[in-house]
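What follows is one structure encoded as structure tokens, with my remarks underneath.
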Amino acid sequence: MAEPARAVIDRVASSFVEFATDQVTVSTTDGPIEWPGYSRALAEAADRTGERESVVCGVGDIGGTRTVVIAFEFGFLGGSVGGETGNRIAAAFRAARELRAPVVSLVATGGSRMQEGMRALSQLQRIARESALTRQAGLPQLAVLRDPTTGGGWATLGAGADVTLALTGAQVGFAGSRVRPEGDPTAYTAEGQLAGGHVDQIVTPESLGAAVTRWVRLLTRPASKAAPPPAALGHSTAPATGWAAVRAAREPSRPRAARYLDSYFAWRENLSGDRCGGVDAGVLCGIGFRHGEAVAYAAQCGTATLPAGFRTAARLVRLADRLSIPVLTLVDTNGAANDGMAERAGAGSAIAELFAAIAEAAVPVTSLVIGEGGSGGALAFASPEHTWVTPDSYFSVTSPEAATAILKRPEADVPAIANQLRLRPQDLVELGVARGIVRPDDT
């Protein structure tokens with residue numbers, strides 16, 4: 001059974017004050033559909049847990065930030081959602097909007113309370129509405145998936161959060177254990193949901209408090225101005241020829257995205273997955289702390305970017321835009337993945353999604369090309385007005401090899417084609433594609 005609600009609250013909050021709505025009396029009737037024995041089950045659940053409903057809601061201090069906390073008590077009828085549960089969750093979201101506070105949901109539920117019939121199931125619509133209004137108000141939502149998180153609790157508070165953490169080994173899925181079909185059991189685990197792109201991080205109970213504190217800080221302390229481009233970590237001088245630029249960008253020892261991010265941020269946390277069933281290990285997305293303020297990042301790692309990578313980056317940009325967090329993107333790819341699998345996964349629509357997210361963003365987006373800038377798959381990650389380049393990078397309409405093939409030229413002409421494409425860092429500045437070349441000593 002999941003850890004009691006108040007014990008989990010103690011893990012994440014240094015103080016906690018319940019809302020007055022948590023003091024109502026347990027119903028003495030058998031509910032809206034007169035389910036036999038329902039009132040007795042409620043009374044027994046209250047005696048067993050010391051709670052009056054399946055959620056405990058209030059205001060807590062998390063890392064110095066006033067936060068609305070929604071914690072499920074699984075011992076109370078399996079943490080099921082009924083009418084009063086919906087009332088309390090709705091009131092908690094309203095309080096968050098009044099207080100301008102983030103919401104942390106500590107979820108452990110078996111689903112909707114069948115003893116209340118459709119009145120229980122309809123609470124999911126209320127929860128979704130309150131969550132949407134809170135999202136529109138520009139307030140962040142963080143969910144922690146405890147064991148188990150199934151049914152409507154997963155499909156609203158869990159999967160609908162901006163950032164979703166899950167406890168190691170937790171059962172997570174829309175279908176509960178007693179109603180799911182035979183098949184792949186790993187699909188219903190926290191680890192399976194992470195692999196499928198639906199969960200951002202797996203955490204242990206012992207590390208939960210620190211993880212939640214870090215995320216609350218990242219989501220509530222946006223930087224006040226555009227992110228400056230990182231200093232170059234590789235070469236200090238621009239290449240003499242286009243082919244030299246290509247070769248420099250392709251050097252195996254060249255600094256990659258992870259090294260740039262670690263140098264740029266004091267600390268950072270990654271987001272994972274596109275929420276559509278995909279994960280791209282070649283794209284790093286998340287939020288980092290720099291000089292006491294949060295900056296979001298989406299960084300290519302030098303591989304061909306998958307549709308899931310573009311969708312995850314678009315998700316990151318839209319989240320940052322809603323929370324007024326400036327964005328840094330790092331461009332480094334030989335191009336978008338273009339095999340049959342990528343096409344079936346919607347490569348074109350995924351790239352379009354990221355182009356649109358950056359074009360629509362009201363927050364400043366700063367981009368730095370740190371290696372290969374291969375065609376539209378790289379351009380989708382770049383800011384149209386605030387792109388910078390490192391000395392060991394290039395940006396091209398297509399690769400020199402592809403251009404040579406398209407022009408039906410011999411392979412020996414690849415270096416010459418690279419020169420003709422004007423893809424060097426200094427060429428990009430002259431063409432107005434980049435604002436400037438950053439150097440190793442730039443800050």
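Throughout, read-outs are computed from the coordinates displayed, never taken from laboratory work. From a predicted model like this one, the values you see are computed outputs, not experimental measurements. Using ideal geometry, Cβ is built from the backbone for each residue, glycine included, and neighbour counts are taken over all protein chains shown.
Rg and Dmax of the range 5-220, both derived from C-alpha coordinates alone, stand at 16.3, 48 Å. Between A240 and A412, the modelled labels are 2.2 nm apart [label points 7 Å from Cα along Cα→Cβ].
Residues whose amide H lies under 5 Å from that of L271, counting only those 5 or more places away or on a different chain, are C285, G286, I287; hydrogens are built 1.01 Å from N in the peptide plane. Among beta bridges from DSSP that stay inside the chain, the antiparallel ones total about 40%. Say R0 is 41 Å: what FRET efficiency, to the nearest 0.05, do R439 and A20 get from their beta-carbon distance? After rounding to 0.05, the efficiency reads 0.10.
Spin-label model, D47 to R100: label points 7 Å out along the Cα-to-beta-carbon direction sit 4.8 nm apart. Within the chain, what's the longest stretch lacking GluC sites (Glu not before Pro) that sit in DSSP loops with no more than 12 other Cβ atoms inside 10 Å? The longest uninterrupted stretch comes out as 207-384.
Take the Cα of R214, go 7 Å toward its beta carbon, and the backbone nitrogen atoms of the range 57-71 under 19 Å from that spot belong to 62-65.
Dipole of the chain computed with +1 at Lys/Arg Cβ and -1 at Asp/Glu Cβ about the Cα centre; of A155, N419, Q201, farthest Cα towards the positive end is N419.
Once the C-beta distance of A281 and T29 is scaled by a Förster radius of 60 Å, the resulting FRET efficiency is 0.65 to the nearest 0.05.
The value given for the range 257-328 is a Kirkwood hydrodynamic radius of 12.2 Å, derived from the mean inverse Cα-Cα separation. Normalising by residue count, the range 72-146 has a Cα convex hull of 73 Å³ per residue. According to the square roots a ≥ b ≥ c of the eigenvalues of the Cα gyration tensor, what is the shape class of the range 242-430, taking rounded for a/c under 1.5, prolate for a/b larger than b/c otherwise, and oblate for the remainder? Prolate, since a/c reaches 1.5 and a/b exceeds b/c.
Each Lys and Arg Cβ is given +1 and each Asp and Glu Cβ -1; about its Cα centre, the chain then shows a dipole of about 640 debye.
Loop-located trypsin sites (Lys or Arg not before Pro) across the range 242-337 with a Cβ neighbour count of 10 or fewer within 10 Å are lacking, with loop assigned by DSSP. Going from the residue with the fewest nearby Cβ atoms within 10 Å to the one with the most, L423, L121 rank L121, L423.
Couplings for the range 359-368, taken from phi via the Karplus curve 6.51 cos²θ - 1.76 cosθ + 1.60 with θ = phi - 60°, read 5, 8, 5, 8, 7, x, 10, 10, 10, 9 Hz in order; Gly and Pro are left as x. In the chain, the DSSP-assigned H stretches of four residues or longer account for a calculated mean residue ellipticity at 222 nm of -9500 deg cm²/dmol, using -39500 (n - 2.57) per stretch and the full residue count as denominator. Amide H contacts of R439: A232, each under 5 Å away and 5 or more positions distant or on a separate chain (H built 1.01 Å from N in the peptide plane; Pro and chain starts excluded). Full extension of the chain segment joining D339 with A405 gains 22.0 nm, where the gain is 0.36 nm per residue of separation less the Cα-Cα distance. Over the Cα atoms of the chain, the radius of gyration divided by the Kirkwood radius equals 1.07; this is the Rg/Rh ratio.
Ranked by how many other Cβ atoms sit within 10 Å of their own Cβ, fewest first, the residues L157, L379, L284 fall in the order L379, L284, L157. In this simple spin-label model, placing a label point 7 Å from the Cα along the Cα-to-Cβ direction at both V429 and A195 gives a separation of 4.8 nm.
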